[in-house]
Amino acid sequence: MSVDMAYRQCGAADLKLSVLGIGCWTFGGGPYWGNQDQSDVNDVVHAAVDCGINYFDTAEAYNEGRSESSLAIAMQGLKRDSIIIGSKVTPANCYPGVLEEHCEASLKRLHTDYIDLYMLHWPIHPHSIKHFTKDPAVIDNPPEIGRTFEILAKLKQSGKIRHIGISNFSAGRMQEDIPANFAVAANELPYNLLCRAVEFDAMASCKENGVGIISYMTLLQGILAGKYPTLAVVPEWQRRTRHFAASGSPLCRHGEAGFEDETDRAIKAIKAVAGANKVDMAELAIRWAIENPNISCALVGARNRAQLKANVHSLAIEMDPEVVRELNRLTDPLKQQLGNHLDLYESADNDRTL
């Protein structure tokens with residue numbers, strides 16, 4: 001996979017990321033994505049490094065820690081300083097003493113002495129914490145956000161982590177929760193042609209405060225890869241976002257009517273643009289994301305080397321600025337319908353990022 005990888009500074013931090021990063025949620029296997037063969041994980045990680053990808057994104061919550069463990073196995077034989085590891089701690093695990101223990105547990109699973117970018121997975125408040133625990137003692141008495149950042153700063157001072165990050169923080173949450181003069185390297189946010197909420201104000205807020213953006217769901221879990229011929233055949237786990245009517249999946253939480261007609265029209269329009277430009281829809285969607293200079297790194301998943309090769313090939317596409325403008329125009333109606341809500345899984349009234 002010969003490709004000229006590009007690298008971008010992550011906000012104001014001394015952290016340079018490849019424009020494509022590997023999302024490791026599937027690593028280790030689990031009920032959401034099904035089984036994942038470790039030999040394929042090994043192939044993906046080694047091939048990614050060979051083509052210049054340096055960022056690998058995981059979390060303690062991904063497959064109950066198995067994602068971190070699987071990544072550690074795949075990294076064997078690679079130079080540690082050639083890899084930038086991002087991991088996340090859940091908001092339910094941010095109490096004094098508990099946060100330190102969970103950081104140590106991630107370090108142990110990852111078989112490393114330090115985590116390059118350690119992120120708070122979601123804002124800390126009862127509604128967000130309910131996603132990770134049913135314990136009323138935790139939900140009703142969440143960790144204190146200011147104290148959490150103090151602990152993260154101490155972990156950085158000790159060398160356990162190199163940079164502090166956040167994930168799923170809206171512009172308002174950033175302003176309200178992050179202490180003044182506290183250096184946050186990155187905010188990990190959903191961003192793709194069908195999820196453009198960050199463009200309302202979160203992207204500008206990150207730029208203003210020197211915070212890099214690592215974007216996830218670049219292909220909306222396969223929907224923008226052309227994996228599903230119609231929305232009707234999208235699996236239940238992937239039908240939980242606000243694009244879909246809540247009645248379409250018993251796993252869905254948002255309770256809204258969804259925007260399936262608008263989503264379907266946007267997908268058909270994107271396919272038409274891809275066809276007119278003689279490129280694969282997935283490649284077009286990935287290229288569109290990294291054309292935005294405010295995105296430090298766009299995450300893509302890969303179950304095997306073939307999928308990785310297809311994703312990396314997007315870097316070879318020359319994207320005419322007019323095509324970017326056309327894609328923006330075609331997907332703007334859906335953007336306006338979904339509104340300024342970064343949380344794809346809860347209703348607008350229950351947005352966990354606000």
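The values are calculated or read from the model by the stated rules, or taken from the named source; none is laboratory data. Here the structure is a predicted model, which is why all the values come from computation and not from measurement. Using ideal geometry, Cβ is built from the backbone for each residue, glycine included, and neighbour counts are taken over all protein chains shown.
Observations on the structure shown:
- Checking residue 124 against (1) touching a helix residue (DSSP H, G or I) at 6+ places or on another chain (Cβ under 8 Å); (2) buried (at least 24 other Cβ atoms within 10 Å of the Cβ); (3) closer than 14 Å to residue 151 by Cβ; (4) of a type in the set (A, V, I, L, M), the condition it does not meet: (2)
- Search result, residues across the stretch 38-91 that are among the acidic types (Asp, Glu) and touching a residue at least 40 places away in the same chain (Cβ under 8 Å): 40, 43, 50, 57, 60, 68
- Of the residues making up the stretch 321-345, those that are acidic (Asp, Glu) and either closer than 18 Å to residue 202 by Cα or modelled with pLDDT under 95 (or both) are 332, 343.
- Single residue of 28, 23 found to be surrounded by 17 or more Cβ atoms within 10 Å (Cβ to Cβ) and on the phi > 0 side of the Ramachandran plot: 28
- Residue that is over 28 Å from residue 37 (Cβ atoms), touching a residue at least 24 places away in the same chain (Cβ under 8 Å) and not β-branched (Val, Ile, Thr), where the choices are 120, 107: 120
- Entry remark, the stretch 173-198: residues being assigned to a helix (DSSP H, G or I) and touching a strand residue (DSSP E or B) at 6+ places or on another chain (Cβ under 6 Å) number 1 in total.
- When the stretch 60-91 is filtered for residues that are of a type outside the set (D, E, K, R), part of a helix (DSSP H, G or I) and more than 19 Å from residue 187 (Cβ to Cβ), the ones remaining, listed by number, are 63, 65, 67, 69, 70, 71, 72, 73, 74, 82.
- Residues that are in contact with a His (Cβ under 9 Å, 6 or more places away or on another chain) and assigned to a helix (DSSP H, G or I) were ranked within the stretch 140-172; the one that is surrounded by the fewest Cβ atoms within 10 Å (Cβ to Cβ) is 156.
- Residues located in the stretch 222-248, provided they are under 16 Å from residue 262 (Cα atoms), among the hydrophobic types (A, V, I, L, M, F, W, C) and assigned to a helix (DSSP H, G or I): 223, 224, 231, 232, 246
- Within the stretch 92-136, the set of residues being within 22 Å of residue 252 (Cβ to Cβ), β-branched (Val, Ile, Thr) and part of a helix (DSSP H, G or I) comprises 129 only.
- Screening the candidates 310, 272 for the property of being surrounded by fewer than 20 Cβ atoms within 10 Å (Cβ to Cβ), aliphatic (A, V, I, L, M), part of a helix (DSSP H, G or I) and free of Cβ contacts under 8 Å to residues at least 12 places away in the same chain yields one hit, 272.
- Residue that is surrounded by the most Cβ atoms within 10 Å (Cβ to Cβ), among those in the stretch 173-197 that are within 13 Å of residue 11 (Cβ to Cβ) and within 12 Å of the chain's Cα centre (by Cα): 187
- With respect to the conditions (1) among the polar types (S, T, N, Q); (2) part of a loop (DSSP other than H, G, I, E, B); (3) on the phi > 0 side of the Ramachandran plot, residue 36 lacks only one, and its number is (3).
- Residues located in the stretch 282-312, provided they are over 20 Å from the mean Cα position of the chain (by Cα) and under 22 Å from residue 229 (Cβ atoms): 306
- Among the residues of the stretch 17-31, those identified as closer than 12 Å to residue 62 by Cβ and modelled with pLDDT of 95 or more are 23, 24, 25, 26, 27, 28, 29.
- Positions within the stretch 245-290 being in contact with a Leu (Cβ under 7 Å, 6 or more places away or on another chain) and over 29 Å from residue 7 (Cα atoms), in sequence order: 259, 260, 262, 263, 264, 266, 269
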